[in-house]
Amino acid sequence: MLKHSLICFICGIFLLSTASSLTAYAVPDHVYLFSYTTNKDNNHSGLHFAWSSDSINWISIGNEYSFLRSDYGRWGSEKRMISPYLVMEPNGAWHCVWQLNEREKLFAIASTNDLINWGSQHYELVNRGKNCTNPVLFRDGSSQQYNVVYHDSTGAYFRVTTNDLHSFSKAENVSPNQYPPRNRSVQLNGAVYNGQIHTVNWPVVEKLLKKVEDDKAKEKLYAETTALDSIRFSNLQPVKLDISIDPKQSKQISDLLIGIFFEDINYAADGGLYGELIQNRDFEYDPGDREYRDKNWNSKHSWTIAGNETTFEIDSASPVHENNPHYAVLTTSAPGAILANSGYDSISFKKGEKYNLSLFTKQLGSSISKIEARLVDKKGSVLATSQLSIDAKNWQQQSAALVANADVNNGRLEIKPLSAGRIAIDMVSLFPEKTFKNRKNGMREDLAQTIADIHPRFIRFPGGCLAHGDGLNNIYRWKNSIGPLEARKPQRNIWGYHQSAGLGYFEYFRFCEDINAEPLPVVAAGVPCQNSVCSPTGGGQQGGIPLNEMDAYIQEILDLIEWANGDANSKWGRLRAEAGHPKPFNLKYIGIGNEDLISDVFEERFTMIYNAVKKQHPEITVIGTVGPSSEGADYVEGWKLANKLKVPMVDEHYYRSPGWFIYNQDFYDKYDRSASKVYLGEYAAHAPGATSNLETALAEALYLTAVERNGDVVKMTSYAPLLARKGHTQWNPDLIYFDNLTIRPTIGYYVQKLYGNNSGNEYITAASTVSNKEDAVKKRIGYSVVRDTKSGDLIVKIINLLPVAVHTKANVRQAGFNGGKAIQTVLTGRPMEKDVAPVSKEIKIESELEMEIAPYSFNVIRLLK
Ligand code: AHR
């Protein structure tokens, strides 16, 4: 019996209601399936289904559960599915076409065999019509070609044809009667929905229902947080864990497991790791950086003029370099006014420390001008001063060293004309003398040290989405980021601000060398970010670099390898040598692509790049990309492509709830050992509200024990994102928060640091017995045993995500530890806490390891050789 009431067929409209349980029904062999969407949430709700045994009474499958969502364009404004049209082929394959928006001449198409697992989405650009609305797809009876017929908002009809649903003909005009009837109407709770009705075998519907149920169950598990632990584990008694180490079963694991993901997001580069103190030093901030939404974001941003008799204008008539077209012009009739820059949320100076000022100047009028550069505090008290003469008619680089005479947190740089005249100024830079490892154009010392303390084995840069950019013109081109600072090409940052390119490829590689980490540059796979602004003229998400420009683009990537590894006499190696690094950087890895949409456009370009790099540089490990998630079309299709091309390694990304990490510790246990290796390039546990705390950190630590167990498959990992400047954050959570004076490492940071400093290259299998047999309990206890063969130390990591202690025993003698000293480090607190730091102590272990593992804790026990 159906538990819900069914409303009768009225006026040609089918009525739909919701099922509460479906398992006990007697069902016919064939049933009807209704496919539809709603216009809720600005058409973001995706493709839904309902079923019926009589095509009169309809039952929703999962209450507007989305079986397919559009992935076209930007989050928020795009990714819309309008009027989907679903068809089934006689062989059981399904195809869905849909409208993407009201403006563009594009439609989307995706295919599936089971309505659950969909292949890559393809967005076809059509050449006719004002836009492309309500597409329908059918096979032409005589030609057997697929036809997609659409109309535009003027009411004209068009058709494109295809044999393979990938390459389409040019559009031609057709008459309205060649547009087949599109929709039937069905009513649900008083509302009418339009869609298509299909006849299917019952198992088709049964699988859809099962999918919904399975997802619901998973969702419930993954949503588990410690907030309900007092109920979930109300009767839980302390647990016993017996770890039985079997050294005969050890395996080599990657010695590169812990690395750094660096992206210029959240002001991580300019205003962050890059030591420059002046904001907008090049006067190149552009309203477009912020998509014209900020009226103060322009060439004058961060600069102020105070006082009379001097005007401050921006010019671009004869710049220092064509890549830096804008500069400041000061016209002074009588001295007194001051041009000032307060850096990023003001500038901090330290007493006795030296600040190196550099700027380009040019005399524009006839009289020689003098300026005074000075460091001042908030009230205008001068901390350091230096005078410069501007007497050249051509651009000249000038410099001065300024030593602050006091500690100041709210300082600024001032430039004061001391005589009447007209001068041009550009590339105004102020660098602390003290940078990380005292490098010129170097890194902010304390931040760089905080990163180095993780002991990362590699650094991935420059992103993230920043690597492939917002549209074709925004792809990060490494050549724009090297050479003299004034010749580098600044550009819009995809995260809505500006990149000066001051922190460029040379600085990234040098930083890697300074902290003994492998450089891992990631270059675009010839396509921009999958969430780019879309443009039917070839940019944006759908367009790739035009094929006739791909050779040049590939050469650019090969040049990068020569720049990094070639000798100092090679064309590109010479530039590296001239920049101060004659020795090759010894690049071994290169990432191609960043969680791209695995479309035809991507596949074609990725394959071209991959084949070229493999041919010219078999010594380089290429890392491919498999989408932005641990599942879904891009993950599946990305892996298919990697397997087809035998790409050595792929970059996986997933940001999930702590529950996901708890319940997916077997994620890599199932991976084919002979297939591509994995670089888990972006991951983080996100607590509700996109935040991090002890709970998320412990979930990450727990998961990393499983990664160590799979260290033969997973070769590298990096938490993302790394840095966030307080008040300028586009993404949360991040690993390290900072402002001008302070650095706040999160608890997740300590997890990374503990892993980075306690990694091993040998994984030792260890079975365990847990006294409590409940899955929810067992899954919240994680451990790993590794050996660092260099030091000979044995490292045991134990995570307890339970509210009770875990009494642990491990037969460490079996693994060659004969008793003696160990360092125990514990990270523990209340799950919601955000400011917990690890505490280390030396302990003595006489025979076997036996200890109480505190509730909610991560423990590293390093048994010293
Ligand atoms: O880590 C932040 C962003 O997340 C990266 O830029 C992108 O690759 C991912 O979507």
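Bear in mind that the values in this text are calculations on the coordinates, not laboratory data. Keep in mind it's a predicted model, so treat the numbers as computed, not measured. Cβ coordinates were reconstructed from backbone atoms using ideal geometry, including for glycine residues, and neighbour counts include every protein chain displayed.
Which of the pairs 821/865; 211/773; 479/615 have their Cα atoms more than 19 Å apart in this structure? Table pairs above 19 Å Cα-Cα are 211/773; 479/615. Each Cα pair under 8 Å and six or more residues apart adds its separation to the average, and for the range 457-647 the resulting relative contact order is 19 percent. Could you give log10 I(q)/I(0) at q = 0.23, 0.25, 0.30 Å⁻¹ for the range 448-510, computed by the Debye formula over C-alpha point scatterers of equal weight, without solvent? These q points yield log10 I(q)/I(0) values of -1.00, -1.09, -1.29. Just going by the charge dipole of the chain, with Lys and Arg at +1 and Asp and Glu at -1 on Cβ, which of 150, 601, 662 is farthest out on the positive end? Looking along the dipole axis, the top candidate is 662. By the rule of a C-alpha distance below 14 Å, with chain neighbours fewer than 8 residues away ignored, the aspartates and glutamates paired with residue 240 are 774, 850, 852. Given +1 at the Cβ of Lys and Arg, -1 at the Cβ of Asp and Glu and no other charges, the dipole of the range 457-647 around its Cα centre is 380 debye to the nearest 20. For the range 126-136, putting each phi into the Karplus relation 6.51 cos²θ - 1.76 cosθ + 1.60 with θ = phi - 60° gives couplings of 9, 9, 10, x, 6, 8, 9, 10, 6, x, 10 Hz, in residue order, rounded to whole numbers and with x for Gly and Pro. Residue separation of residue 156 and residue 844 scaled by 0.36 nm, minus their Cα-Cα distance, works out to 239.3 nm of gained length.
As an exercise, use a Förster radius of 25 Å and the Cβ-Cβ distance of residue 646 and residue 166 to find the FRET efficiency, rounded to the nearest 0.05.
0.60
Modelled label positions at residue 346 and residue 294, each set 7 Å beyond Cα in the direction of Cβ, lie 2.0 nm from each other.
Could you tell me how far the Cα centroid of the range 547-620 sits from the Cα centroid of the range 798-865, in Å? So the two Cα centres are separated by 45 Å. When only Cα pairs below 8 angstrom with a gap of at least 6 residues are kept, the range 2-216 shows a relative contact order of 19 percent. Each part reduced to its alpha carbon centroid, the range 417-462 and the range 363-411 end up 19 Å apart. Maximal additional length on extending the residue 789-residue 386 stretch stands at 139.5 nm, based on 0.36 nm per residue less the C-alpha distance.
Under a 5 Å amide H to amide H cut-off, with H placed in plane at 1.01 Å, what residues pair with residue 627 once short-range neighbours are removed? Amide H neighbours of residue 627: 595, 596.
Taking label positions 7 Å along the Cα-Cβ direction at both residue 54 and residue 113, the computed distance is 3.6 nm, reported to one decimal. Each residue of the range 832-843 was assigned a 3J(HN,Hα) from its phi angle through the Karplus expression (A = 6.51, B = -1.76, C = 1.60, θ = phi - 60°), giving 7, 5, 10, 10, 10, 10, x, 10, 10, 8, 8, 10 Hz with x at Gly and Pro. Amide H contacts of residue 525: 593, 594, each under 5 Å away and 5 or more positions distant or on a separate chain (H built 1.01 Å from N in the peptide plane; Pro and chain starts excluded). Ignoring the sites themselves, the chain has its longest run without chymotrypsin sites (Phe, Trp or Tyr not before Pro) in a DSSP loop having at most 10 other Cβ atoms within 10 Å at 293-865. Overall, the anisotropy analysis places the chain in the oblate class: the square-rooted eigenvalues a ≥ b ≥ c of its C-alpha gyration tensor yield a/c not less than 1.5, with a/b not exceeding b/c.
For residue 130, a cut-off of 24 angstrom between C-alpha atoms picks up these lysines, skipping any fewer than 8 places away in its own chain: 79, 105, 170. Each residue of the range 658-671 was assigned a 3J(HN,Hα) from its phi angle through the Karplus curve 6.51 cos²θ - 1.76 cosθ + 1.60 (θ = phi - 60°); the sequence is x, x, 4, 5, 5, 8, 10, 5, 8, 3, 8, 4, 8, 6 Hz, with glycine and proline shown as x. When the square roots of the Cα gyration tensor eigenvalues are ordered a ≥ b ≥ c, the ratio a/c for the range 722-800 is 1.5 or more and a/b does not exceed b/c, which makes its shape oblate.
Our helix-only sum for the chain, with -39,500 (n - 2.57) per DSSP H run of n ≥ 4 divided by its residues, gives a mean residue ellipticity at 222 nm of -5000 deg cm²/dmol. Taking all Cα pairs closer than 8 Å and separated by 6 or more residues, the relative contact order of the chain comes to 11 percent. Farthest toward the positive end of the dipole of the range 457-647, out of 642, 565, 502, is the Cα of 565, where the dipole comes from beta carbon charges about the Cα centre.
Each Lys and Arg adds +1 at its Cβ and each Asp and Glu adds -1 at its Cβ; summed about the Cα centre, the range 535-634 shows a dipole of about 540 debye.
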